[in-house]
Structures are given as C-alpha cells and as structure tokens.
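The values are calculated or read from the model by the stated rules, or taken from the named source; none is laboratory data. Not measured: the values here are computed from a predicted model. Counting neighbours? That spans all protein chains shown, and the Cβs are built from the backbone with ideal geometry, glycine included. Note: accessible area is taken over every heavy atom of the protein model, side chains too, but ligands, DNA and RNA are not part of it. Shrake-Rupley method; radii C 1.70, N 1.55, O 1.52, S 1.80 Å.
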Amino acid sequence: MPEVRVDCSATLEVPLSLGSRDGTRENSVDRERALDRFLAGIERRAFRIACIALRDRAEAEDAVQDAMIRLVRNYGRRPEDQWRPLFYRILKNRITDFQRRLKVRRAVMAWWPGQESEEARPDPFESAVDPRGRPDEHLEGAELLARIEKQLAALSSRQREAFLLRNFEGLDVAQTAAAMGCSEGSVKTHYFRAMQALDVALREWKK
Amino acid sequence: MNEDMQELERRSRAAFDESVESLDAATRSRLARARAKALEGLKGRRTVGPVLWIPAGAAAAAIVAAMLWQREEGGPATARNEATIGAFEDLDLMAQGDDFDMLAEDPGFYAWTDEQLSDGVG
C-alpha cells in the first residue's frame, strides 16, 4: 500500500481537461469514467457512514457531495488505489468540521434563555415502545444497526471513525490509517476498543 | 478479539450492508446528481500547464524588454507611465489560462490573419 498523504486545504488544481489539448483525450475520458465508477460504487455507503457520524441526513448528503467534488478536483489524477482512503479522509475532515460547528452552536444555544438544548430533550429512540415486546431473543438488521448507531455516538471520535471505516466500509488497516491520518497501530487500538465497548453495551441491552 | 466480538463484527457489517441496499430512491437519485456535479468539475476547467507557461514567460519577457527599450528612448514621463501600466495590464491578461487555450486551439486562424496582414502591407 503506497503512502497516501492528503492535504484537504490544498488549493492546487489538477488540470484534468488538459488531456484534450495534448493528444491524451482518451486518457482523460478513461479517467472520468473510472472516477464515475468509483464514486458510484462508494456513494451510498459513504452517505450511510456520514449519516451515522453526523446524525443528519441533509448534512450527510452535503458532506458526501463535497467530498466527491474535492476528490475529483484535487486528487483525480492520483492512482485509483489511493482514491478510497483519500475520499474517506476528505469526508472525515468534513464531518469533523460539522461536528465542531454543531458544538459551538449548542454552546451558544445553552446560554440563550428559553432554549432547550438537544441533549435535554428525551431521546425518541429510548422512549419508543418495542413493537416486538421483549428485546431478548436476538438483534436483527435495522434494530441492531440502530443500537450500534446509538452506541457509536458515545464512543470517542477516533474509535467511531476506526469502526466505521474498518467494519462498515471494509477498509484494511493501512487504508484506514491513511484515511484517519494516524498509524496502523492506532487504528488497531481504536478499533479494538470500539468493538469492546459495543460488545459490552449490546450485551447489557440484551440482558 | 473473542468469538462474541467477531460475531458482532460480522452481524453489524451485514446490518449496515442491508441498510445501504435499502436506501430510498430519492436519496439514491440525489447522490447520483451529486456525483454528476462533481464530475462536471472535470469539464471546462482550464489551468495553465507547464508547457503553456513557456510562451507566457517568453511573451512577458518581450513586454518587459519593450518597456525598458521605450524607457531608454525617452519621451514624456506621463506617456511612459501609461505605457508601463498598460504593459502590466497585458501581463495580467496573459496570466489567464484561457487566452492561451485560444492560441493553442486555433493556430490556423492566426496563420491566416498573419498572411492577410502581410499581404496588406506588401
């Protein structure tokens, strides 16, 4: 796995359309098709991951679109095997930005008289009645995912990222490290701790 | 990782895959539009590459040389200043990639105008 370095603040623009002028139009078209295929294959999973991380569908769509645009614009000329970690690195940064803004907004709202903070509101998920009655047999599909999503919110951001990228997106350790901007050892640690926390939380819920 | 955790790993991944597969049509459509929009960025982008900087640099050097020559020739100070400002405006324009695209895409037209001008003078 080649080393992938990402600078999401980079403004250097890669002139992909240059190919049409210097006789490499075919290469340019091939690359456009390859990018289309890559994005088509990744967009739904990326959206679901962004949804889980952001807990906001509209913001998740914006984040995915933004990551697509930045990948095409800034890294479209990189080798194809680098696109996936690069894309998730961009998406991760976008998610982090959103979470920071949200934190500031919540802090401001907490000082605003008469405003109820989001944390103070009852969690509709917690108060919802389980239509199947006892949640003691097994957790299936959507229900399991809903529980995991809830527990993921309680993890540290690094643990959550490691879990989402390793487990849900299926990146290997090296790719996850490239996407998270940390060492492979850190990825293993964060992922293991995330799995451990989820395992404990879901066991307690099953009791 | 113990067996329970491995089982959780497997089941959570399957649940996630299922949720991706069951995404609603409207969301799928919006994502496809977002992709198309991102790929539009490939079309119509014009950035001056290294090859095109060579004629740009040569042209800029010629303008600077002309400015210096004009300065040597003398003349009213105001006229010289205006010429200098004009030359720098030209440099600004030449720094735009699109101007060089035009030169690169239609060399025949420029050859023809050159010919016409030569005919007119001769």
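Tabulated results
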read-out: Contacts under 8 angstrom Cβ, first residue in the range A:193-207 being more than 7 Å from every other protein chain (Cβ to nearest Cβ), partner modelled with pLDDT of 90 or more and surrounded by fewer than 17 Cβ atoms within 10 Å (Cβ to Cβ), 6 or more apart; value: A:Ala197/A:Ala154; A:Ala201/A:Ala154
read-out: Sole exception among (1) within 9 Å of chain B (Cβ to nearest Cβ); (2) of a type outside the set (D, E, K, R); (3) in contact (Cβ under 8 Å) with a residue 12 or more places away in the chain; (4) within 17 Å of A:Asp97 (Cβ to Cβ) for A:Gln65, by number; value: (3)
read-out: Total residues in the range B:29-43, condition at the interface with chain A (Cβ under 7 Å from one of its Cβ atoms) and over 15 Å from A:Arg37 (Cα atoms); value: 3
read-out: Residue pairs meeting the criteria (Cβ under 7 Å; at least 6 apart or on separate chains; first facing chain B (nearest Cβ under 9 Å), in the range A:38-54; second among the hydroxyl-bearing types (Ser, Thr, Tyr) and open to solvent by 10 Å² or more (accessible area, probe 1.4 Å)); value: A:Arg48/B:Ser19
read-out: Subset of the range A:69-80 [out of contact with any Gly (no Cβ under 9 Å at 6 or more places or on another chain) and either within 7 Å of chain B (Cβ to nearest Cβ) or open to solvent by less than 70 Å² (accessible area, probe 1.4 Å) (or both)]; value: A:Leu71, A:Asn74, A:Tyr75, A:Pro79
read-out: Residue check, A:Leu164 buried (at least 21 other Cβ atoms within 10 Å of the Cβ) and under 15 Å from A:Lys150 (Cα atoms); value: yes
